[in-house]
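The values are calculated or read from the model by the stated rules, or taken from the named source; none is laboratory data. A quick note: this is a predicted structure, and the numbers were derived from the prediction, not measured. Cβ sites come from the backbone with ideal geometry, for glycine too, and all protein chains shown count toward neighbours. Surface accessibility is based on the protein's heavy atoms, side chains included, excluding ligands, DNA and RNA. Shrake-Rupley method; radii C 1.70, N 1.55, O 1.52, S 1.80 Å.
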Amino acid sequence: MGEIEGLAVRTGPEMVRTVADLRHRVALWRAAGERIAMVPTMGALHEGHLSLVRKGYERAERVVVSIFVNPTQFAPHEDFQTYPRTEARDLELLDLLGTDLVFAPSAAEMYPLGFATRVEPQGAALGLEADVRPHFFGGVATVVAKLLIACLPDLAVFGEKDFQQLAVVRQMARDLGLPVEIVGAPTVRESDGLAMSSRNAYLSPDERAAAPVLYGAMKAVADGVRAGEAPGPALRDAEARILAAGFRSIDYLALRVADTLEPWTGDNASARRPPLRLLVAAWIGRTRLIDNIAV
Ligand code: AMP
């Protein structure tokens, strides 16, 4: 907040664009013994992102939000150029939450000339998204590793909306020995069930009206499986329902073991059934939506 002739004027959260400035700011908080949370985002913020910031403040005195549309996680044919960029509005929203610091680096700051290293996660990064976007998790793991090393927060908050990504980040932090606790946060939805996403902005009114079928169809499968139904027919019914509502194609609708994301082939009615997760990715018009729920 600034002050002009006695009037309080919002000037937005503090913003830095270089790793050196980020480290300087964080060092002052560290010296004061404060806990620091980081929330990595690609901007175009919505209530889902803001819930992560709030979660950060439940666990730390200071929250740093990064805004960086990471080129290395987009394939050449994907929407890097057209991905929504709304920095001024993002800063206003973050200011309302009292966000301490925004880190919004340039691509050259993150990937200077000569940059030639890539983190290639395996394990949780295999299958599902990787079958359709083979470059994706390498790009995500590399940028998240760089962001966490730049900031070295006590914890970093990620949404369950991107459930496989959360598993990949947890695995990467563990495998590389990054001293950062990875915290997951539940998916925030619109009132009709559609998971909030920056990419929902691409939907036409008709597509937006059809999109909640993803959540409805997943819930029907989850209810059926919980009631002891065989997953196969329930999954096929759900796929038919999604396509009938106007989706153009389904990349995957898969029931997985929640912890490992391995395919679930065991006995559904068994008392030893582990927690499962149902994950979906599907195309409506020119937009690809992903979602997932616990079973
Ligand atoms: P993005 O800006 O899409 O890269 O997302 C940044 C972070 O926000 C990731 O950890 C996402 O999982 C999380 N996120 C995105 N949408 C939601 C949502 N609807 N609810 C909760 N978290 C979300």
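Values computed for the structure shown
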| quantity | calculated |
| --- | --- |
| Cα gyration tensor shape for the stretch 150-295, rounded if a/c is under 1.5, else prolate or oblate | oblate |
| Top of Gly127, Gly56, Gly266 by mean-square fluctuation, Gaussian network on the chain, Cα under 10 Å | Gly266 |
| Degrees separating the helix 47-59 axis from the principal Cα axis of the chain, which is the longest one | 60 |
| Table column - 3J(HN,Hα) (Hz), the stretch 239-246, Karplus curve with 6.51, -1.76, 1.60, x for Gly and Pro | 4, 4, 5, 5, 5, 5, 6, x |
| Mean separation of Cα contacts under 8 Å (6+ apart) over length of the chain, as relative contact order % | 16 |
| Protein accessible area in the stretch 25-150, 1.4 Å probe - carbon and sulfur % | 58 |
| Whole-angstrom gap from the stretch 148-172 to the stretch 103-124, using each part's C-alpha centre | 15 |
| Anisotropy class of the stretch 112-192 from Cα gyration tensor, a/c 1.5 cut | oblate |
| Cα long-axis angle, helix 213-226 against the chain (0 to 90 degrees, to the nearest 10) | 60 |
| Packing-based ranking, highest mean first, of 178-188, 40-50 given that Cβ atoms within 10 Å are counted | 40-50, 178-188 |
| Per residue accessible area in Å² of the chain, where ligands, DNA and RNA are left out and the probe is 1.4 Å | 47 |
| Relative contact order %, the stretch 233-276, counting alpha carbon pairs below 8 Å whose residues are six or more apart | 28 |
| Ranked order, Leu113, Leu22 - accessible area, probe 1.4 Å, largest first | Leu113, Leu22 |
| Helix 87-96 axis, angle to the chain major axis (alpha carbon atoms, nearest 10°) | 80 |
